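S.K.: Input: one structure, supplied below.
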Amino acid sequence: MSAANGASFGIEAPRSMPTGQRNVVRSNDSASLWNCTLSPGWTQEEVQVLRKALLKFGIGNWMKIIESECLPGKTIAQMNLQTQRMLGQQSTAEFNGLHIDALQIGEINSKRQGPDIKRKNNCIVNTGGKLTREQVEQRRMAHKSKYEVSVDVWSNIELPKPENPFLLLEKKREELQSLKSELGDLRARIAAIEQTKDNLDAHSGIKRPRE
């Protein structure tokens, strides 16, 4: 992938198909993106964060993603499974360490046809013999040359970072204290108004029934 293409990331995120046959293209879906479904517990927003994290750190660098805190609560197993779905294939070894757009690969895989193409859970599975290390490395280098974005692109990707939970809790406490203070002021103002009314009634001799 060229730096220009990598900078744009112009591939629309596919939508999950919760019902019906998953291999049927819906009228509101891109025909080439039907195979990239969400793993359980993932939102489209989280998938986009993972997409950027894989671009920034490289496929399979799970600890760097965890340390970045861009996907709090997600385990390595969960991220690996969702990456498989995004790539559209179960084997990810040929992409290890590459700074690529997983959804672009998923789009390409979704168009692959032929008697040798077998899918499980919408991902292409290897039905032939196990690839040797040399074959895997050859594929990896080919992908690197064709799809990897430039260092200028991936090094400048910014990932969201959730607020420190302790700071967030302190912020909520401050908001609660502020609301309590406002409530106290409001009660004091109401009490003052009622006292003023009582004084005026007493001065004029008017007796009002107490509620």
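The values are calculated or read from the model by the stated rules, or taken from the named source; none is laboratory data. Fair warning: this is a prediction, and the values are worked out from it, not measured in the lab. All Cβ positions, even for glycine, are placed from backbone atoms using ideal geometry, and neighbour counts span all protein chains on display. Ligands, DNA and RNA are stripped out before the accessible areas are found, and what is left, the full protein with its side chains, is counted by its heavy atoms. Shrake-Rupley method; radii C 1.70, N 1.55, O 1.52, S 1.80 Å.
S.K.: Only one of (1) more than 15 Å from the chain's Cα centre (by Cα); (2) of a type in the set (S, T, N, Q); (3) modelled with pLDDT of 95 or more is not met by Gln90, so which one is it?
M.R.: (3) is the only condition that Gln90 fails.
S.K.: Cβ-Cβ distance below 9 Å, separation of 6 or more or different chains: which pairs start in segment 78-97 with a residue that is farther than 17 Å from Asn122 by Cβ and end on one that is among the hydroxyl-bearing types (Ser, Thr, Tyr) and outside any loop (DSSP other than H, G, I, E, B)?
M.R.: Phe95/Thr83; Phe95/Tyr147
S.K.: When you scan segment 27-145 for helices (runs of 4 or more DSSP H) that lie fully inside it, which ones turn up with 3 or more residues that are over 24 Å from Glu158 (Cα atoms) and open to solvent by less than 70 Å² (accessible area, probe 1.4 Å)? Spell out the reasoning first.
M.R.: Details: elements: 44-57, 62-68, 76-87, 102-110.
Hits in segment 27-145: 102-110.
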